[in-house]
1. Restricting things to Cα coordinates, could you compute the convex hull volume per residue of the range 131-210 in Å³?
2. For the range 49-141, how big is the tail of P(r) above 21 Å, as a whole percent of Cα pairs?
3. Enumerate the amide H contacts of Ala195 below 5 Å, restricted to partners 5 or more residues apart or on another chain; note that Pro and chain-start residues carry no placed amide H.
4. List the residues whose amide H sits under 5 Å from the amide H of Val216, counting only those 5 or more places along or on another chain, with H placed 1.01 Å from N in the peptide plane.
5. Using only the Cα atoms of the chain, what are the Rg and Dmax in Å?
6. Taking the highest mean first, how do the peptides 36-43, 108-115 order by number of other beta carbon atoms within 10 angstrom per residue?
7. Return one whole number: the accessible area per residue of the chain in Å², for a 1.4 Å probe.
8. Determine, from the Cβ-Cβ distance of Arg151 and Ala124 and an R0 of 30 Å, the FRET efficiency 1/(1 + (r/R0)^6), rounded to the nearest 0.05.
Amino acid sequence: MGRLAIVSAMESELRGLLASLPQAECVRRAGREFWVGSLGGHEVVLVRSLIGKVAAATTAAVLLEHFGVESLLFTGVAGGLGADVRIGDIVVAGDLLQHDMDASPIFPRFEVPLYGTDRFTADAALSARLHAACEEVLTAIEAGRCEELSRAQLEDCGVRHAPRVHRGLILSGDRFVSSAAEARALQADHPAALAVEMEGAALAQVAHDFGVPCAVMRTISDRADDSAHVDFNRFIADVASRYTHAVAMSLLGMAG
Ligand code: SAH
């Protein structure tokens, strides 16, 4: 797949994977640290984009223009919107839509002006590989043979069911969605939406502009409503970051 970028909004989401790149070279650019190295014989660039659509777009543009990456993978956490999308599940993006885009009445609501569409599609082949890697990791956890994460650790973080992988529409916007009313409004506008986050659709738009494949995986950290979650930061460190590590290893064909 050529040089692959692995991007997360927060450092804690990438921590597990960064630890696997001890020899990586750190290149500073546009206020970010880009870690250039190799994983399982594949060239990778790891970077924390910071939070929100502009931060994600800046990061993607630098990765493509300066680091010459040939595909983009975004990994992080998100709020679950689909009825059966639960905390601890993984959502792999099919399409990505900016739920706060509204240039109406000049353009239909949600349409990205002058693109003639309200959504960008993740690369089918890369997403299929990502989906398979996620399935492999969740199966390994259930079978007690995942090095990064055990069933007991999941339960400790409040995940008592066997987590699933979902594939479909992800919404992105510059807003942390944390009220049931807001979540309901998003569900009403986008009944197919599985999850909401703050970066994916921006990255997908930049990937579209550059004509490179992108894929997005999100671990569900909350239900985008008023229910208090155990501990957001702990969940990222103990679950999401470990999923990312294990999935990246599986995607790149490495054991573990
Ligand atoms: N508590 C964090 C801020 C997290 S902002 C801090 O102190 O730094 C939320 C991040 O998680 C974004 O990167 C976003 O993509 C994702 N996210 C998780 N749940 C979300 C939700 N319910 N709504 C929007 N974004 C969410």
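The values are calculated or read from the model by the stated rules, or taken from the named source; none is laboratory data. Quantities reported herein were computed from a predicted structural model and do not represent experimental measurements. Reconstructed Cβ throughout: ideal geometry from the backbone, glycine too, with neighbour counts over all protein chains shown. Ligands, DNA and RNA are stripped out before the accessible areas are found, and what is left, the full protein with its side chains, is counted by its heavy atoms. Shrake-Rupley method; radii C 1.70, N 1.55, O 1.52, S 1.80 Å.
1. Here the figure is 142 Å³ per residue.
2. When every Cα pair of the range 49-141 is considered, 49 percent fall beyond 21 Å.
3. Those qualifying (amide H under 5 Å, at least 5 residues apart or on another chain) are Leu81, Gly82, Leu171.
4. Residues meeting the criterion, in which the H sits 1.01 Å from N, are Phe74, Ala93.
5. So, for the chain, Rg and Dmax equal 17.1, 54 Å respectively.
6. Details: 36-43: 15.6, 108-115: 13.8.
Packing order, densest peptide first, comes out as 36-43, 108-115.
7. Values: 10580 Å² over 256 residues.
Result: 41 Å² per residue.
8. Using R0 = 30 Å, I get an efficiency of 0.40.
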